[in-house]
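Colleague: This is the structure, below, for whatever I ask next.
Rule-based calculations on the coordinates, nothing more; no lab input. Bear in mind the structure is a predicted one, so any value in this text is a computation, not a measurement. Every residue, glycine among them, receives a Cβ derived from its backbone with ideal geometry; neighbour counts consider all protein chains shown.
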């Protein structure tokens, strides 16, 4: 601990010990504990105590009967535990009987302070830190802490209850660290007393008729098997698994959720899953006993396991698919589809039992679809993957939701009544449908997929969120549709679909709901990005009203829509898909050029999103050598940088640096070593090839922009600028021109100006800079140092422990006013 | 105090005069009152007629006459053919509610729930001998008047010499093609009423406010409640002291311009008559408004005109409000919006003055003060212009492309006919149907072939079936009565079990010309007791908290009120036959035997019997009580809940002994 902090600590301790002084807040105390933790982890706690007797004083003070704030009491308990984690310090504290008085019956445990959850939590956390060595175990046994922890498992505060459970796991692990580790065959009867006590408590809880107690026991076991993979866990499981199996015989199965967690935790444990302790049988039994809603997460967990018997996997998959099988059954789908989903011979479940009410039906279907979506991309997913039936079921669900399915059975009718217009199921099904695009399907099913997607995209009843998902799924399906051999155009079916889709898109772009316009534009941008170069797509798009409408949306009242319109128009223009201006139908004649329009948005739009989008489009245009830019690149870059440098949004300024970097690379060229076959432009003849190369950068005032950004109040901008200048300096280093030393006074004045900028006075512009001056300034600047400073977090000064201590003292007025750190 | 009507059978009946679920006309006989609930006018009959063009239309006047298959052309003056459909070339006629099912002159009151449901009022009040009162809220009356005025105006301004009647002959109608062949009760179809009849009908209306209680002959009380569907629209509660009937007609739970629906007051109804649900249960109004706006923008952007056939009040206010928010974002600020109706001006102005009938948001605007509806601003900025007719100012202001709102939604009369003829030929133009009352395909039939685009965006804010099922769960009526259309899925979507009313017990359904006996028995009637009679009562407490007293009184009933009056003093017999005769009617006032109460505990009774020397006692349980058998004495004591019989053979002494024993266990007063 540095001397400054040591000096402040006694004052702080007396503030904390004084019940009349209010402590700032919990976060200060948390930070203080963090600080002590780093100190105790790095060095001796005993030494810390000896060097700072005020700490011991604070802890002793807690023992006096007084009106202490629960916060400070909790803090002290945690601090004591943290210090006692080291055995020598533990012994030291034991000498003064401090620990039993803090954590035993005589401590806050019996007092009024115990009613505060923070004190109970502090007590548990203190013990948790303390329990690191065998002496601690004896201490715990002596002070009867374990019984208290048992009772805290049912605490009214969930945090306390959960921490109590975890502490039990920790103590169990600690007590078995020595004895059982050495003798894996040691039976529980030979375990240390403390461990036996905990195991008996768990057994008792598992036998209890009260669900909360069973839940507590299951949670403790779940944590144990999840965190500890020592051989003794196997002994424990062998002893407890019959009790767990007994739970399955009850109807309904108590604490099913926790039971599923436990079984999955056991199955994931490398020690337990490899042994033959009846785990797979228990899992199979559980799958068949739990209700469909409870069994879903278990089935998913089983299917995610790396190693697992095939039969169990099949059973789990059948459970997972049950709701979809029901849907197919109720809507009397082709029997072929049904067989492959229900191939495991499980008792077929009817809609009435599985999907009895609207809420149950919606919940179960959403969960099932989400589970399958998670499973689909995994390598260990069931094989063969029933792609076709899944597609069939998902399409059917979507049709039931939209009311377009015509079920013939009563069960189908009920299902239809439950699902019609249900946005939650629609969203889940569309997400899953999108995921299914990764696989193939029979042609007629794919046709059905496109038909149902079109139905959703067309329907006026599709809610904005559903529509967004429908757009996303559509793009994924189009992306996965096979390309026509020979050319990379869309296949004829997709083209046909596109022909039907494109008339829908204008309507969506005119929607009064901005979310719909926005997702329509996003979809369009994706489509152009993917197929903008393909003839079929281009023809269809140009024949529609979409390009014109997109451009009109640049003036949309909603900023998100404007931003998306900017991106879409930029794409359209890049691909040469912009509508030709001044057609006879537009007697307005002179249409503003898109570049001018985007520049107008960049300089005048009141919202950040459209301006950021413009910067992205411009950067892309510059990169691609867009026709509007290539004509006069320098003028373009100069204009954009000028506007961007004044922007209030840091992302716009950062994107300006990105654009500057592209320009820089294009002007200076990549180092020739990177690209041996590139045609190297002939290096301009002396007197000054460097000057020649840098001149365009100077003309567009790139340096002024970059230097200004270097001292930007937003760190990402400054960092980016620093990187750019470092890159530039590296580039110029390879040039061996004259070092521009002839212009010393100008260099000095630039440096002076930059210093003023750094100090916050950025009023005065630099004006035109000669290349030699720039190089000289760059070489004289400590860019590496600046980069290092920027890499540190901005609150590094305020985060220091000294500042923390000063702060805490300042809030209670224990420091003189002039010393207060008022950042 | 209440009277128990033990054997009174149901005397509540519902006479169903209209089969149209959203244009209801029912008569409720409840206690001694006859109440008509709404009188909607089914105008779908006009779809069988040729449109009435405001300006001579060569196309319409040159349509070929229709002839029978055998070439017989005797109907060719009356019936014209257009694109395979046959239309009556005559003044349009309306299908009236049933007038034969019940003598309408006996109707005491008519309760109107909203302005769409009063369009048949003149037919009822002016031609049936009706002498009662009509109750409605002020906006209902004012806007209803506008609707009627518009209707009369539309029809009267295009006088048609011809009135076809030949085709109505039953034998001839059989030979006609559908839908004319299947049209029901064509003989009762009537021409439109006159403005004079409208005025006379409206003069019979008495204005009411929400939650106002109106006494009808002392027998029942009726109360209008906000129904959330239109300005001043109401549901009605009809109740007596012990019975409550709710009449729900045209209600909405959506947040549009009217005051929200009052659901709480509908609770605890014995019967809930449910009519006026959405006609398009599969279309969500929000989605339809979106569709409306998008299609409007797309058409106008392409240089086309948009025609919106509509009523002059109602959804148009909400549409204008949506457009107000939308036109700037869609770049339509320069497009003129025209609202053409003989009552356009009054409708737009009325909407702004009925502040107390508006939703909360709009009410608060009034205090700012701002006009509650933003169409005021549209008018101020010249974006929305309104005209009584397309003649006059409109023709000089008219600029295209534009959006025109005009009536009538049936496309059979009104200025809309002209615009259909004018714009129908160009595929750039679009007609957008927003009113759900008419099938848009049937409405368009006489305009075929048609090049203009047709978009169907029916906006019906009335309750859908999901909302109904929530409402019924909330208010829990004992019985639900509704049109038969609501008790099964729509014929075109027979699998949609969600598109019907699902309640327990199942709803009772009605159809046109049916009489329903409503399933509830009147069990109690409230009786007042005169103070002096009450004074004379001497209650005796028979159980803690329960006191009884016997009353001898005369029950006096007048105007459905029942009063217990003290019996007249017995007059001294002063001779004279007349007097004596009068006193015969006076109830017998001599002192009565005491009344008994309580029950006989069998075990204790048996013990008491034993104590009094009876032996050989047997007790048998029966369905209604017990039989105590005194075998020696050959005597039977039958103890039941409300009677005790002692059966012994001519031993009066024994009987009296036993009786006294029994009486010891009972309380007397």
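Colleague: Order the peptides B:83-89, B:607-613 from the highest to the lowest mean number of other Cβ atoms within 10 Å of their residues.
Modeller: B:83-89, B:607-613
Colleague: Sticking with this structure for a sec: When the scattering of the stretch B:596-668 is computed by the Debye formula from its Cα atoms alone, each counted once and equally, what is log10 I(q)/I(0) at q = 0.13, 0.19, 0.20, 0.24 Å⁻¹?
Modeller: -0.33, -0.73, -0.82, -1.22
Colleague: If you don't mind, another one. With just the Cα atoms of chain A, tell me how far they stretch along each of the three principal axes, in Å, largest first.
Modeller: 92, 85, 51
Colleague: Ratio of alpha-carbon Rg to the 2.2 N^0.38 Å globular estimate for chain B, to two decimals, please.
Modeller: Scaled against compact globular proteins, the figure is 1.32.
Colleague: Follow-up. Arrange the peptides A:608-620, A:195-207 so that the one whose residues have, on average, the most other Cβ atoms within 10 Å appears first. If you can, show how the numbers build up before the last one.
Modeller: Details: A:608-620: 23.2, A:195-207: 18.0.
Descending mean neighbour count gives A:608-620, A:195-207.
Colleague: With runs of 4+ DSSP H residues as the only contributors, calculate the mean residue ellipticity of chain A at 222 nm using -39,500 (n - 2.57) per run, divided by the residue total and rounded to the nearest 500.
Modeller: Value at 222 nm, helices only, nearest 500: -21000 deg cm²/dmol.
Colleague: Calculated from DSSP H runs of 4 or more alone, at -39500 (n - 2.57) each and per residue, what is the 222 nm mean residue ellipticity of chain B, nearest 500?
Modeller: After summing the helix terms and dividing by the residues of chain B, the value is -7000 deg cm²/dmol.
Colleague: Something else about it: Kindly express, to the nearest 10 degrees and within the range 0 to 90, the angle between helix B:602-611's C-alpha long axis and the longest C-alpha principal axis of chain B.
Modeller: Computed tilt is about 10 degrees.
Colleague: Residue B:83 label point, 7 Å along Cα→Cβ, cut-off 11 Å on backbone N: hits in the stretch B:445-469?
Modeller: B:445-454
Colleague: By how many degrees, 0 to 90 and rounded to 10, does the Cα axis of helix B:285-301 deviate from the longest principal axis of chain B?
Modeller: Result, in degrees: 10.
Colleague: By how many nm would the segment from residue A:555 to residue A:196 grow when fully extended, if each residue of separation counts as 0.36 nm and the alpha-carbon distance is taken off?
Modeller: On the way: separation 359, 0.36 × 359 = 129.24 nm, distance 7.37 nm.
Result: 121.9 nm gained on full extension.
Colleague: Counting only C-alpha contacts under 8 Å and six or more residues apart, can you give the relative contact order of the stretch B:285-456 as a whole percent? Before the final figure, lay out the partial values.
Modeller: On the way: 255 pairs, mean separation 58.7, N = 172.
Averaging sequence separation for qualifying contacts and normalising by length gives 34 percent for the stretch B:285-456.
Colleague: Let me ask you something else. Averaging sequence separations of C-alpha pairs under 8 Å and six or more residues apart, then dividing by the length of chain A, give the relative contact order as a whole percent.
Modeller: 7 percent
Colleague: Averaged over its residues, how many other protein chain Cβ atoms are within 10 Å of peptide B:490-501's Cβ atoms?
Modeller: Values: counts 0, 0, 0, 4, 2, 12, 7, 10, 10, 4, 1, 0.
Average neighbour count from other chains, rounded to a whole number: 4.
Colleague: Over the stretch A:389-473, what number does the Rg to Rh ratio reach, with both radii from the alpha-carbon atoms and Rh per Kirkwood?
Modeller: With Rh from the inverse mean 1/r over Cα pairs, Rg/Rh is 0.95.
Colleague: Per Stokes-Einstein, at 4 °C and 1.567 mPa s, what whole-number D in µm² s⁻¹ belongs to the stretch B:285-456, with the Kirkwood radius over Cα pairs as the hydrodynamic radius?
Modeller: Translational diffusion coefficient: 79 µm²/s.
Colleague: Any chance you could get the radius of gyration and Dmax over the Cα atoms of the stretch B:7-98, in Å?
Modeller: When restricted to Cα atoms, the stretch B:7-98 yields Rg and Dmax of 20.9, 70 Å.
Colleague: Next up: Roughly how tilted is helix B:315-329, in degrees to the nearest 10 and between 0 and 90, from the longest Cα axis of chain B?
Modeller: The answer is roughly 50 degrees.
Colleague: Quick one: the Cα spread of the protein assembly as shown along its three principal axes, in angstroms, biggest first?
Modeller: Answer, in whole Å and largest first: 148, 109, 73 Å.
Colleague: Here's another thing I want to ask about it. Shielding by partners for A:415-425, please: the mean number of other protein chain Cβ atoms within 10 Å of each residue's Cβ.
Modeller: 3
Colleague: Using 1/(1 + (r/R0)^6) with R0 = 45 angstrom and r between the beta carbons of residue A:535 and residue B:127, what's the FRET efficiency to the nearest 0.05?
Modeller: 0.05
Colleague: Please tell me the relative contact order of chain B in percent, rounded to the nearest whole number, where contacts are Cα pairs under 8 Å and at least six residues apart. Display every interim value, and only then the final one.
Modeller: Numbers: 1298 pairs, mean separation 100.3, N = 669.
Across chain B, relative contact order equals 15 percent.
Colleague: Where does each of B:551-559, B:102-110, B:637-645 land if you order them by average Cβ count within 10 Å, highest first?
Modeller: Descending mean neighbour count gives B:102-110, B:637-645, B:551-559.
Colleague: Given the protein assembly as shown, what percent of its DSSP beta bridges are antiparallel, to the nearest 5?
Modeller: So the antiparallel bridges in the protein assembly as shown amount to around 60 percent.
Colleague: Could you work out, residue by residue across A:503-512, how many beta carbons of other chains sit within 10 Å of that residue's beta carbon, and then give the average as an integer?
Modeller: Partner Cβ neighbours, averaged per residue: 6.
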